[in-house]
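One structure is given below, encoded as structure tokens.
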Amino acid sequence: MNSSKSITRGRLITLEGGEGAGKSTLLAGLREHLRAHGVEPVMTREPGGTPVGEAIRAIVLDAAQTHLFAEAELLLMFASRAQLVREVIEPALAAGHWVLCDRFTDASYAYQGGGRGQPVQRIADLEQWAVAGVVPDVTLLLDLPVSDGRARAAGRGEADRIEVEGDSFFERIRETYRARAHADPARFRLLDASDTPLGVLSQAALALAPLFDEVTP
Ligand code: Z5A
């Protein structure tokens, strides 16, 4: 008789959006929401989430790195992601944990693709190689006019290397995110991030409700 219980694979939920959209705020609320449903999520972020990834994050956000080429930036994002998937995300999902990740591959399409103009096919090739088939179960896209997000983020002190970019850069990012959400409605949930923090949390909770139905016998 086989006494080993099969483990149900966990769920990967990613949060995306422009600067100041409210991802960090929502993540804190979502953690409590999942806990209330008996799920203790693994919290992580991109770039970062591992010692190697956090070292990469320090480089890509360092405003003193004024000569980082777009190609190098793209590869650094995927280097961090390749490490995070293997060190944290895939083992957690295989062990049945739910993972809440602050940004994932969609951010590379939006920032390095839409923002920096890197070819979509190049990003797709990197994704296939580096991410090893890990696709979020749900991606919550916090959508907000660029000026509103920038106004929210303005009070935080010095801008990092990416935040110093102009409005048109962030408009392209927003459009790329929205286009990706439109093209993949099965995975994306578009949230109105101009709502109150509680309102955004309610929208997210509604969007995630089907995931609980899937795991409840
Ligand atoms: N990046 C990339 O280029 N390519 C990639 O592949 C990846 C990332 C993965 C780091 O991301 C940078 O890396 C990011 C993209 C790039 N660069 N930029 N710009 P990050 O996620 O760590 O940093 P961020 O995008 O700059 O996030 P953020 O600015 O910290 O925003 P947030 O987490 O979405 O917002 P928040 O901290 O929750 O809220 C901001 C303020 O608004 C704060 O004062 C809140 O109290 C307030 N807030 C939040 N929600 C609300 C609502 N609903 N109403 C009113 N006020 C609110």
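The values are calculated or read from the model by the stated rules, or taken from the named source; none is laboratory data. Not measured: the values here are computed from a predicted model. Every residue, glycine among them, receives a Cβ derived from its backbone with ideal geometry; neighbour counts consider all protein chains shown.
Computed quantities for the displayed model
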item: Filtered residues of region 5-34 (kept if of a type in the set (S, T, N, Q) and near the ligand (Cβ under 9 Å from one of its atoms)); result: S24, T25
item: Which listed residue, of V85, V52, V60, is part of a helix (DSSP H, G or I), β-branched (V, I, T), in contact with a helix residue (DSSP H, G or I) (Cβ under 9 Å, 6 or more places away or on another chain) and under 15 Å from V134 (Cα atoms); result: V85
item: Positions within region 192-216 being touching a residue at least 60 places away in the same chain (Cβ under 8 Å), under 17 Å from the mean Cα position of the chain (by Cα) and either under 29 Å from A124 (Cβ atoms) or surrounded by fewer than 16 Cβ atoms within 10 Å (Cβ to Cβ) (or both), in sequence order; result: A193, A204, A207, L208
item: Filtered residue count, region 161-182, keeping only those that are of a type outside the set (S, T, Y), within 19 Å of the chain's Cα centre (by Cα) and surrounded by 14 or more Cβ atoms within 10 Å (Cβ to Cβ); result: 12
item: For V42: the one exception among (1) more than 10 Å from the ligand (Cβ to nearest atom); (2) surrounded by fewer than 18 Cβ atoms within 10 Å (Cβ to Cβ); (3) at pLDDT 95 or above; result: (2)
item: Pairs where the first residue, in region 9-25, is at positive phi and the second is of a type outside the set (A, V, I, L, M) and not in a helix (DSSP H, G or I), C-beta under 7 Å, 6+ apart; result: G17/D143
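Rundown of residues vs (1) surrounded by fewer than 20 Cβ atoms within 10 Å (Cβ to Cβ); (2) more than 13 Å from the ligand (Cβ to nearest atom), yes/no style:
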site	(1), (2)
L76	yes, no
S80	no, no
L84	no, no
E87	yes, yes
A94	yes, yes
R103	no, no
D106	no, no
Y109	no, no
G113	no, no
